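The values are calculated or read from the model by the stated rules, or taken from the named source; none is laboratory data. Since the model is a prediction, treat every value here as computed from it, not as a measurement. All Cβ positions, glycine included, derive from the backbone under ideal geometry; neighbour counts span all protein chains shown.
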DNA sequence: GTCTATACACTGATAGAC
DNA sequence: GTCTATCAGTGTATAGAC
């Protein structure tokens, strides 16, 4: 993008992505990033001459390209929708959290209009569109408008992200267990019989 | 809390809540708030002597008290779980967006430890606990650990918030329609037959 | 490639006039 | 109650030494 790629530059981008993902654009200063790299703030400008905004945009573009690839691969390797969603969730859980809502509502307004447009495009392509493709067949079969697949994609993304950031205190189960549970609910319904317990009679207690 | 309550002070708190809700703690400056009130930045200190952090904490505490009241009322006035969730979603849609993830991950770390603890407590009480109570009976009937109700509460909150911030471009349906659809999916399951309400062929509604 | 030094703008906060 | 004036602290960015 700018300047050739070097291992040192790679470290800068990775560190920046981690911090931006954790704390958001405004909360992370160039000094924070430099400190994490045991460098001085001014030295960052050698690797990223464009400054903070250019660094953020490049980091997010990279992240979105990676997510697009990762999600599509995850989805392609599973047979049924449940497996696709589980694979997609595992990919998301293994990556630095995205915090889609914060990105859209808080971080994006801080960058230039041109950068915003490009980032929105990449983000939609990588996350929403990829997930919506998973939901498209069932939405079609239910004879619902295609836009419903987009809602479902957004909702699925929101749920998985919540699992990432929910206080791990509750239950103490692995996050994959939590997310698989929520996927089962999504597909089978909360009011219907649970999968494993389908044979157990439901009787009132106490 | 500090100083008596006046109409002018009320305006300060309302404006601050709107801006904090839209842009987050770090992105909003005291000058932004003062400008929106057509005041000078220094004048805010008359109404909120504690400064920015105290203002933020008081604003969020107020918001959480209001949400607790509003959600409990919404939940209490409906009979079945579907109605309760619809009422809760309508309350949330009518209020300034919370952006729970941003609040927890980005805004909270910027305030003092003591304030953080208090805010986490209020937020959990007002949002998670209230919604978890709605899910508790069905979780019980499904013979699942109580912690599942907390997952479901977090997931539900995340989904409703996503609906708030999703580009309104998609579909163009009212947000209540979108959220009711997602509630039906949650309860009935995506793989099962659409509920009678969702089953209606897609036609113009008024 | 990384450093020091520094310019410049912005932000939160205080003091005091009216 | 609101203002002007001001300051200390912080953040981005640039210039130039090594």
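In the range A:11-19 there is no residue matching the filter, namely being within 14 Å of chain B (Cβ to nearest Cβ), touching a helix residue (DSSP H, G or I) at 6+ places or on another chain (Cβ under 7 Å), more than 8 Å from DNA strand D (Cβ to nearest atom) and not in a helix (DSSP H, G or I). The set of residues in the range A:109-130 being more than 18 Å from residue A:68 (Cβ to Cβ) and within 14 Å of another protein chain (Cβ to nearest Cβ) consists of A:109, A:110, A:111, A:116. Please tell me if residue B:82 is modelled with pLDDT of 95 or more, over 15 Å from residue B:126 (Cα atoms), out of contact with any strand residue (DSSP E or B) (no Cβ under 7 Å at 6 or more places or on another chain) and crowded, with 18+ Cβ neighbours inside 10 Å. Here the answer is yes, as residue B:82 does meet what is asked.
Residue A:8 - would you say it is part of a helix (DSSP H, G or I) and away from DNA strand D (no atom under 14 Å from the Cβ)?
Against the criterion (part of a helix (DSSP H, G or I) and away from DNA strand D (no atom under 14 Å from the Cβ)), residue A:8 qualifies.
Cβ-Cβ under 9 Å, sequence separation 6+ or interchain: first residue in the range B:33-52 and more than 9 Å from DNA strand C (Cβ to nearest atom), partner modelled with pLDDT under 95. Which pairs? The qualifying pairs are B:37/B:8; B:47/B:3; B:47/B:6; B:47/B:8. Hey, does the range A:95-108 have a residue that's over 15 Å from the mean Cα position of the chain (by Cα) and surrounded by fewer than 16 Cβ atoms within 10 Å (Cβ to Cβ)? No, because not a single residue in the range A:95-108 is over 15 Å from the mean Cα position of the chain (by Cα) and surrounded by fewer than 16 Cβ atoms within 10 Å (Cβ to Cβ).
Residues that are assigned to a helix (DSSP H, G or I) and surrounded by fewer than 15 Cβ atoms within 10 Å (Cβ to Cβ) were ranked within the range A:27-44; the one that is farthest from DNA strand D (Cβ to nearest atom) is A:35.
The residue that is farthest from the other protein chains (Cβ to nearest Cβ), among those in the range B:45-57 that are within 11 Å of DNA strand D (Cβ to nearest atom) and assigned to a helix (DSSP H, G or I), is B:46.
Would the range B:63-77 turn up any residue that is within 16 Å of DNA strand C (Cβ to nearest atom), touching a residue at least 60 places away in the same chain (Cβ under 8 Å), away from every other protein chain (no Cβ under 14 Å) and crowded, with 19+ Cβ neighbours inside 10 Å? Steps first, answer last, please.
At the first step, the residues of the range B:63-77 found to be within 16 Å of DNA strand C (Cβ to nearest atom) are none.
No - not one qualifying residue is present in the range B:63-77.
Here residue A:141 fulfils each of the conditions (1) in contact with a helix residue (DSSP H, G or I) (Cβ under 7 Å, 6 or more places away or on another chain); (2) more than 9 Å from chain B (Cβ to nearest Cβ) apart from (1). Among the residues of the range B:100-116, the ones that are touching a helix residue (DSSP H, G or I) at 6+ places or on another chain (Cβ under 9 Å) and farther than 13 Å from residue B:26 by Cβ come to 6 in all.
Per the conditions (1) without any contact (Cβ under 8 Å) to a residue 40 or more places away in the chain; (2) within 16 Å of DNA strand D (Cβ to nearest atom), the sole criterion not satisfied by residue B:24 is (1). Could you tell me which residue of the range A:3-21 is surrounded by the most Cβ atoms within 10 Å (Cβ to Cβ), considering only residues that are in contact (Cβ under 8 Å) with a residue 24 or more places away in the chain and more than 14 Å from DNA strand C (Cβ to nearest atom)? Ranking the qualifying residues of the range A:3-21, first place goes to A:20.
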